[in-house]
Amino acid sequence: MSIRILTSDRDVAPYVESARLASDQHKAALGFLPATVFTDYAHRGKLWIAAEASGKYLGHLLFDRRFPKVTIIQMYCEEAARRRGVATALLSLLKESSTHDGFLAIKASVAEDLSQSNEFWESQGFYIQASRPGGATTGRRILIRIHELDAPQLFARSGLAIYGGDSLGLSAIASAAPPMYLIDLNIIFDLIKRRPQHSAASKLFRAAHSGEFRLAISEEMRVELAREATNPATDPMLCLIDSLPTVHIPKSDEVARVLERASRLIFPEKRYPDNLSKNDLSDLRHVVTAITCGLSGFITRDARILRAAATLSVSYGIEVFSPTDFEAADILEEPNVSVDMDSAARIELSPYADTHYESLRALLLMHAVPPDDIVSSWMPRGGDEASRIVATVECQVVAYIAWSRVEPRAKFVTVRAVLDERSPHAEKVANSLLARVREGHARAGGFRLQLITPERQSVLRQCASLDGFRATDRRDHFAKIAAGKVVTEKSWSGFREELLSLSGVTLPSDPPSWEAHSQQVVLACPDSQRRYVRLDALELLLSPALFALKGRPAVIIPVRPQYADLLLGHSRQQSLAPRMELEASRERMYLSDPRCLALYRKGDLALFYESGIKGEKAIVALARIVDSYIIGADEVSGQVLVRSVLRSNTLGQIGLAKSKAACIFDNVICLDKPVRLAELRGMGIRHARLVTTSKITNEQLETILAKGF
């Protein structure tokens, strides 16, 4: 039988009534849909028809597409055409087109008692993510099935953009081989003899065992130890270093010249080689071994070598580190956080403890993480608690996220995350964890993040995609840059160099002027491709990041002090109170009088002014406006207000008008220094008492940013 799949509005139109009738006749299996749904979806290209070459109707597929997920609403095949490839043909085309357009997953809901249907969905690669109760009259359970697409980097090798978002070509640098460092003999002693620096040495070795980098010793060290050992065959130090790679210093005239030049950098007060002690010469040979063998760096506690680190880096391109440089940075201002949700449940985020081990191990094994990866990479015993967070809901472990730096100065962070997607709060938990890590690293000065997830993590990957992570060449690896910067004309050059160093992405030499949020910015990417990326997409991929280009419109928005920190998170004081759900949201909502709607234009910058007698009376943060609309009195609900600090019973505090103007914003960045009211007055900003939204000029914006950062 020849099967044609019809997708265009014109081709599908003659079959809309056939699809509606088939749906009505099989309500028990397909559920009820109003007749208008079929007409509406056909117009939007979301109703596909399977037909014979003769034109006979065979079945249909009704679906919705909301990036990064496709949801199948209904799929039907005529009984006479079943087991003849009709359903497979419909699904295959949907998989192909969704993959091409950059979607990450397809979702289908199937009644648990429909055994043949479940066998079909299983055969099509749709695994069960969760289950929920069906309608009260049927008493069924509905299985939520997910098919993860092989969505690659969202740019093809040719560099041509594919729908669904833009990419920075980070695949080329996401999977670099781990660096190798030569280590000093004293670090071995710290580890073996439990000297005061034992903890730092122990963490260094644990990080190496997890695969973040490799450690090596020099032949010089082996010779020293063998010379000093009472019994080389049983000496514990020699036994330990036998497990590490040994690097030999070459013998050549060039090495001799490097020894002499490096000596002048490390021991400028001594003449080489006559005035150098035996230990000095040994230390020097360690450094030169790392230089001449092309290693990434040398790890030592020697103060003289560490003082010469900068000049050694410039002269020979080798980094010199202390063991403490490899300890995970504590990027979180608050290690313990509670997030209240409208459902009355609460997400608890807390540092990892050994009591979590068995629950997390079971979760990782369920997602096919090999046991050796669990103990070496995901949950190494004795790891840095500051870099590992566990999420619980009602005392049940539902997620875990951990991060570590591969190189102390490279700002390249590997993030591992796992989520129990059976939890009804899975999406909110994922957003909470990703927000903590992204914003924490952005505050610490900007990082390149690589996210690793196990199999069957569609919710986590979808949340990451909306957060600016993009797929790499490896299915389980995603990458993004968390810049944490407001880029102005004056800071463009410096940020351009920083971005190039951080990611290999090159911005234009000169900052463009503002045209629109959709204007194209040309980039040179690390995979050697030139790409044109929309400005709003670039801000997402670097989020949190904002480009205050010349001519970009901006408004000042007042926020009352009791709501300001909840909405913006700018307070320097830690709060013991639970956070609201909106604090984990990428997008947030500001509500005001409907007359302000015209001031909230997509792409404009929003500067938030904390007002009130007890407030800062200063601009404390800025963001970008991504949408705006009117919310009618009959549309206000808990779900609508979930991204707002207001609730139905507090809406009256912002005016008597029953409808409200909603301003949706994201990419919140707090000012280093609040810009006070007196300073704003000095700039000529005299709009009443800054109690309502008001426009400012480009010159005023530039002055505010110069003072705030």
Worksheet item: Can you tell which of Arg572, Arg595, Arg586 is among the basic types (Lys, Arg) and either modelled with pLDDT of 95 or more or outside any loop (DSSP other than H, G, I, E, B) (or both)?
Response: Arg595
Practice prompt. Please enumerate the residues belonging to region 1-59 that are surrounded by 15 or more Cβ atoms within 10 Å (Cβ to Cβ), of a type in the set (Gly, Ala, Ser) and farther than 18 Å from Ser92 by Cβ.
Written response: Ala13, Ser18, Ala19, Ala22, Ser23, Gly31, Ala42
Worksheet item: Out of curiosity, is Leu62 assigned to a strand (DSSP E or B), under 37 Å from the mean Cα position of the chain (by Cα) and surrounded by 14 or more Cβ atoms within 10 Å (Cβ to Cβ)?
Response: yes
Worksheet entry | Single residue of Ser115, Ser158, Ser167, Ser123 found to be modelled with pLDDT under 70 and loosely packed, with under 15 Cβ neighbours inside 10 Å | Ser158
Worksheet item: Can you tell me which residue in region 288-302 is surrounded by the most Cβ atoms within 10 Å (Cβ to Cβ), limited to those that are touching a Phe, Trp or Tyr at 6+ places or on another chain (Cβ under 8 Å) and among the aliphatic types (A, V, I, L, M)?
Response: Ala290
Practice prompt. Give me the pairs, please: first residue somewhere in region 206-228 and assigned by TED's automatic domain parsing to the domain that holds Pro245, second residue anywhere and acidic (Asp, Glu) and outside any loop (DSSP other than H, G, I, E, B), beta-carbon distance under 8 Å, and either six or more positions apart or on two chains.
Written response: Phe213/Glu407
Response to the item:
Note on Pro512: of the conditions (1) assigned to a loop (DSSP other than H, G, I, E, B); (2) under 30 Å from Val397 (Cβ atoms); (3) not hydrophobic (A, V, I, L, M, F, W, C), unmet is (2)
Item to complete: Among the residues of region 221-241, write down those that are acidic (Asp, Glu) and under 19 Å from Phe298 (Cα atoms).
Response: Glu224
Item to complete: Provide a single number: the residues in region 666-709 that are under 18 Å from Ser592 (Cβ atoms) and either in contact with a helix residue (DSSP H, G or I) (Cβ under 6 Å, 6 or more places away or on another chain) or touching a residue at least 12 places away in the same chain (Cβ under 8 Å) (or both).
Response: 11
Worksheet item: On the given criteria, is Ala353 surrounded by fewer than 16 Cβ atoms within 10 Å (Cβ to Cβ) and at pLDDT below 85?
Response: no
Worksheet item: Among the residues of region 516-523, is any in the same structural domain as Tyr400 (by TED's automatic domain parsing) and either of a type in the set (D, E, K, R) or within 20 Å of Phe665 (Cα to Cα) (or both)?
Response: no
Fill in: Odd one out for Tyr41, checked against (1) at pLDDT below 95; (2) assigned to a helix (DSSP H, G or I); (3) over 38 Å from the mean Cα position of the chain (by Cα)
(3)
Worksheet item: Has region 283-297 got any residue that is hydroxyl-bearing (Ser, Thr, Tyr), assigned to a loop (DSSP other than H, G, I, E, B), in contact (Cβ under 8 Å) with a residue 12 or more places away in the chain and closer than 30 Å to Val375 by Cα?
Response: yes
Worksheet, complete the sentence: When Ser491 is run through (1) over 23 Å from the mean Cα position of the chain (by Cα); (2) surrounded by fewer than 21 Cβ atoms within 10 Å (Cβ to Cβ); (3) over 21 Å from Asp672 (Cα atoms); (4) not charged (D, E, K, R), the failure sits at (3)
Worksheet entry | Set Leu466, Leu434: member being outside the structural domain of Asp666 (by TED's automatic domain parsing), more than 28 Å from Asp510 (Cα to Cα) and touching a Lys or Arg at 6+ places or on another chain (Cβ under 7 Å) | Leu466
Item to complete: Give the residues of region 652-678 that are among the charged types (D, E, K, R), crowded, with 17+ Cβ neighbours inside 10 Å and either at pLDDT 90 or above or within 22 Å of Val486 (Cβ to Cβ) (or both), sorted by residue number.
Response: Asp666
Practice prompt. Residues being at pLDDT 90 or above, among the hydroxyl-bearing types (Ser, Thr, Tyr) and in a loop (DSSP other than H, G, I, E, B): count how many of those fall in region 449-505.
Written response: 3
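The values are calculated or read from the model by the stated rules, or taken from the named source; none is laboratory data. Being a predicted model, the structure only gives us computed values, none of them experimental. With ideal geometry, Cβ positions are generated from the backbone for all residues, glycine too; neighbour counts draw on all protein chains shown.
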